[in-house]
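Notes follow the structure.
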Amino acid sequence: MRYAMFLILILCVSTVSAEILFQDDFESGKVDNKNWAPLGTWAIEDSDDEHDVLGKKVLAVQGSEIGLSVDNFPEEFDYYADFRTVAAGLTGFVFHAQDGNNVYMHQVSTAGSGHTPQHIRWHRKVGGGYSVDALPFADKVNRDQNVWYRVKFEVRKNYNFKAYLGDVGVEDDGLTLVSEWTDAQKSFEKGKIGIRMSGGERAQYDNIVISSAGFDIFSVEPHGKLALTWGNLKRQ
């Protein structure tokens, strides 16, 4: 009986752990080369968080094009991040990357952007060339530059993407669906995640979590520095 209970416990723990595919809060003070293959100007900076949600350190990226994860991810997953646009009003999130020239790259365009602010700019980059569908935020709420927000992208195997936005620190029920897009070309089935910035664009990031599709990360109890309930994440 004890052996059976122990086996069940191990299986339960393994199942929960498997649902969290990736996480980084940058509190080590350096870009982790086991997680990322960054480009150029990726740097860890001190946080000036006023929300008691971010930690002491955040990732800053400026004009470095596409930096990717070391690992590949499956067809379906959810991508969470806290971010703020610091210059040029844009931040780019990368999905299903084969390499730097073949990716999905989707931008959140806030105030300060010269490229259709208050839009999700859905991109495909194939053979080094971008195509873009810029769709306005469905909730018609403006997002400001130099303000922290939380974003969630749902990535599904039918080549459908959904983007949600909310205030930094909120859980899923505080995020608002702001845009949806489907790639009719079915360009990339799976690949790496990443971040893309270009030219004078600059943004900061924290609390990046990749989970399996539809998994409620906020129901998971903290087991280390990077807790999954962000309200508690940096208060441990």
request  = Only helical DSSP H runs with n ≥ 4 go in: add -39500 (n - 2.57) per run for the chain, normalise by residue count and round the 222 nm mean residue ellipticity to 500 deg cm²/dmol.
outcome  = -3000 deg cm²/dmol
ask   = By a straight-distance test (C-alpha under 26 Å), which lysines pair with LYS30 as possible cross-link partners, with residues fewer than eight away in the same chain excluded?
value = LYS56, LYS57, LYS152, LYS192, LYS225, LYS234
task = Bin all alpha-carbon pair distances of the chain at 5 Å intervals from 0 and give each bin's fraction as a whole percent.
result = 1, 7, 14, 19, 21, 18, 11, 5, 2, 1, 1, 0, 0, 0
remark   = Under 20 Å by backbone N from the virtual spin label 7 Å along Cα-to-Cβ at ASN158, the residues of segment 61-84 are 74-79
query = For the chain, which span is the longest to avoid every loop-located (per DSSP) member of trypsin sites (Lys or Arg not before Pro) having at most 16 other Cβ atoms inside 10 Å?
reply = 57-139
query = Want the number for GLU189 to VAL141: 0.36 nm per residue separation, take away the alpha-carbon distance, what's left?
reply = 14.1 nm
message = Based on the alpha carbons, how large is the Rg to Rh ratio for segment 94-168 when Rh follows Kirkwood?
response = 0.98
task = Provide the per residue accessible area, probe 1.4 Å, for segment 157-197, rounded to a whole number of square angstrom.
result = 46 Å²
task = Give the cross-link partners of LYS186 among the lysines, using a straight C-alpha distance below 17 Å as the criterion and excluding same-chain residues fewer than 8 apart.
result = LYS125, LYS157, LYS162
inquiry  = Report the gain in length on full extension from ASP172 to SER212: 0.36 nm times residue separation, minus Cα-Cα distance, nm rounded to one decimal.
reply    = 12.9 nm
message = If I compute solvent accessible area with a 1.4 Å probe over the protein chains, what percent of it on segment 173-215 is carbon and sulfur?
response = 41 percent
task = Kindly sort ILE44, ILE208 by accessible area of their heavy atoms, largest first, with the probe set to 1.4 Å.
result = ILE44, ILE208
message = I need the calculated FRET efficiency for the pair ASP133 and ASP99, taking r as the beta carbon distance and R₀ as 25 Å, to the nearest 0.05.
response = 0.65
ask   = What percentage of the solvent-accessible surface of segment 90-170, computed with a 1.4 Å probe over protein heavy atoms, is contributed by carbon and sulfur atoms?
value = 46 percent
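The values are calculated or read from the model by the stated rules, or taken from the named source; none is laboratory data. Treat the numbers as computed from the prediction; the structure is a model and nothing was measured. Every residue, glycine among them, receives a Cβ derived from its backbone with ideal geometry; neighbour counts consider all protein chains shown. To get the accessible areas, we keep the full protein, side chains included, count just its heavy atoms, and leave off ligands, DNA and RNA. Shrake-Rupley method; radii C 1.70, N 1.55, O 1.52, S 1.80 Å.
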